[in-house]
Amino acid sequence: MTRPAFSITRRHALMGAAALPLAAAASRPAFGAAEMLGMATTRFNRFKLGDFEVTALLAGTRTVPDPQTIFGLNASEEEFAAASEAAHIPTDKAQFFFTPTVVNTGSELILFDTGLNPGGITGALRAAGYEPEQVDKVVITHMHGDHIGGLSEDGAATFANATHITGAAEFDAWNEADNDAFEAKVRPLAEQFTMIGDGESIASGITAMAAFGHTPGHMTYMIESGDEQLVLAVDFANHYVWSLAHPEWEVRFDQDKEMAAQTRRRILDMLAADKIPFIGYHMPWPAMGFVETRGDGFHYVPTSYQMMLE
């Protein structure tokens, strides 16, 4: 018997029925068309650390062209390109992040660094549920403009109720330099600053650790509560690939490049050996990760849900 030239099977019927709603939908006008809103991200990331509450704040972010004019100054273009390609990042631009951090000890609210300007830091604070008047201590890890920019406006302190703290070596170095940002942001508040040194505590469980090189008195901070630890690593390493995979690569903003490279390797060794998480001021948002050794260098491992677990 000859099969007809055309026949409808059960499969064909089902496919046709499924296509009908799609065809009808395609003929309708899109009443609910949504506008493109542009890229966006969260402004804060909060987690528990023992009895403390830690909140990283995204006080700003921007795209910067020609990153090898900043990182890997002593590397060849081929070396820089190879490291970038291995990490799936471009060589013609980089994204910078600016991440002050708040530690709530239960008795004090302590802010580490203030971002680029007062509006950026107060906006991020308010997004996280805090008001500037609630800040008890402002700790300046070092005095580059993206860390002191939110300290004051026209000589008036942004955090009027806060004690201000910084490293003595850092303050002394900038006090003797000719620097517009220091004069505008720090000098008017100089009498409000308390000076500390390596190994001193600014609160129970929060200890300053010298990390000189990026600036003359750059400080990192060890945060400890219960049996948990976190390092506020700030700018000892400024990029998650170019500073970790190659800690000896020079960075334009490091004032003493040889000392900065030694500091990088020392702290990266500690973080990797002790498996301590860290918040890096310029790490990819939300700026927190672990370090593992990889060959002669190191590798950045972003945190996932570790800090969410009770």
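Figure the gain on full extension for Asp172 and Arg187 (residue separation times 0.36 nm, minus the Cα-Cα span) and round it to one decimal in nm. Numbers along the way, then the final one.
Working: separation 15, 0.36 × 15 = 5.40 nm, distance 1.17 nm.
Contour length minus Cα-Cα distance gives 4.2 nm.
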*May I ask you to derive the relative contact order of the chain, considering only C-alpha pairs under 8 Å and at least 6 residues apart, and to give it as an integer percent?*
15 percent
*So what's the angle, to the nearest 10 degrees on a 0 to 90 scale, between helix 118-127 and the longest Cα principal axis of the chain?*
60 degrees
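Counting only pairs 8 or more residues apart or on different chains, how many lysine pairs in the chain have their Cα atoms under 28 Å apart?
Values: Lys48/Lys137; Lys48/Lys275; Lys93/Lys257; Lys137/Lys185; Lys185/Lys257; Lys257/Lys275.
Eligible lysine pairs with Cα atoms under 28 Å apart amount to 6.
Does the stretch 144-195 come out rounded, prolate or oblate by the C-alpha gyration tensor, with a ≥ b ≥ c the root eigenvalues, rounded set by a/c under 1.5 and, if not, prolate when a/b is larger than b/c and oblate if not? Before the final figure, lay out the partial values.
On the way: a/c = 1.79, a/b = 1.20, b/c = 1.49.
Judged from the Cα gyration tensor, the stretch 144-195 comes out oblate (a/c at least 1.5, b/c at or above a/b).
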*List the chymotrypsin sites (Phe, Trp or Tyr not before Pro) within the stretch 246-310 that fall in a DSSP loop (any state other than H, G, I, E or B) and whose Cβ has at most 13 other Cβ atoms within 10 Å.*
Tyr305
*asked:* Taking R0 as 41 Å, what FRET efficiency do you get between Arg266 and Leu37 from their Cβ-Cβ distance, rounded to the nearest 0.05?
replied: 0.40
*Residue order, fewest to most surrounding Cβ atoms within 10 angstrom, among Arg62, Arg126*: Arg62, Arg126
*Sum up the charges of everything whose Cβ sits under 15 Å from the Cβ of Pro118, counting Lys and Arg as +1 and Asp and Glu as -1, but leave Pro118 out.*
-4
*asked:* Within 10 Å of each candidate Cβ there may be at most 16 other Cβ atoms; applying that plus a DSSP loop requirement, which trypsin sites (Lys or Arg not before Pro) in the stretch 182-275 survive?
replied: Arg252, Lys275
*Out of these labelled values of volume of the Cα convex hull per residue in Å³, (1) 241; (2) 179; (3) 129, which was calculated from the coordinates shown here?*
(1)
*asked:* Sort Met195, Met209 by Cβ crowding within 10 Å, fewest neighbours at the top.
replied: Met195, Met209
*Give the residues of the stretch 101-123 whose amide nitrogen is closer than 13 Å to a point set 7 Å from the Cα of Phe253 in the direction of its Cβ.*
114-117
*Can you put Thr303, Thr41 in order, fewest other beta carbons within 10 Å first?*
Thr41, Thr303
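With an 8 Å cut-off on Cα pairs and a minimum separation of 6 or more residues, tell me the relative contact order of the stretch 162-310 in percent.
On the way: 251 pairs, mean separation 26.5, N = 149.
The value is 18 percent.
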*Highest GNM mean-square fluctuation, the chain, Cα pairs closer than 10 Å: which of Ala157, Ala237, Ala33?*
Ala33
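A short reminder: the numbers here are calculations on the coordinates, not readings from a lab. Treat the numbers as computed from the prediction; the structure is a model and nothing was measured. Positions of Cβ are generated from backbone atoms using ideal geometry, with glycine treated the same way; all protein chains shown enter the neighbour counts.
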